[in-house]
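The values are calculated or read from the model by the stated rules, or taken from the named source; none is laboratory data. None of the values given here were measured: they were computed from a predicted structure. Positions of Cβ are generated from backbone atoms using ideal geometry, with glycine treated the same way; all protein chains shown enter the neighbour counts. Ligands, DNA and RNA are excluded from the accessible area calculation, which covers all protein heavy atoms including side chains. Shrake-Rupley method; radii C 1.70, N 1.55, O 1.52, S 1.80 Å.
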Amino acid sequence: MSMTPAADADDALAELRSVVQQFVSTVMPREEASRWDRENYYPREVLDRLASLGVMGLTVPEAYGGQRAQHPADPDGDRGTV
């Protein structure tokens with residue numbers, strides 16, 4: 001049985017959410033992330049690790065080096081582009 005494109009997208013989104021939730025829970029403790037946010041400071045090593053996961057530039061058009069992935073809050077793909 002083959003999956004529909006929508007089911008594939010749902011599976012991919014669920015996988016992405018799982019990866020990001022795991023990363024955040026282990027690498028970005030709430031207290032630290034809150035402090036970083038207040039201080040407008042984001043550790044380079046955390047950003048590098050996020051980049052290695054492939055989650056940086058998800059909604060940036062490919063022409064600008066991004067992945068232009070579909071954002072769940074932007075189902076038509078017409079907002080949030082560079």
Counting only residues that are closer than 25 Å to Asp10 by Cα, open to solvent by less than 80 Å² (accessible area, probe 1.4 Å) and either at pLDDT 80 or above or of a type in the set (A, V, I, L, M, F, W, C) (or both), how many does region 44-60 have?
7
Can you tell me which residues in region 7-38 are surrounded by fewer than 11 Cβ atoms within 10 Å (Cβ to Cβ) and not small (Gly, Ala, Ser)?
Glu15, Gln21, Thr26, Arg30, Glu31, Asp37, Arg38
Tyr41 being at pLDDT below 90 and open to solvent by 100 Å² or more (accessible area, probe 1.4 Å)
no
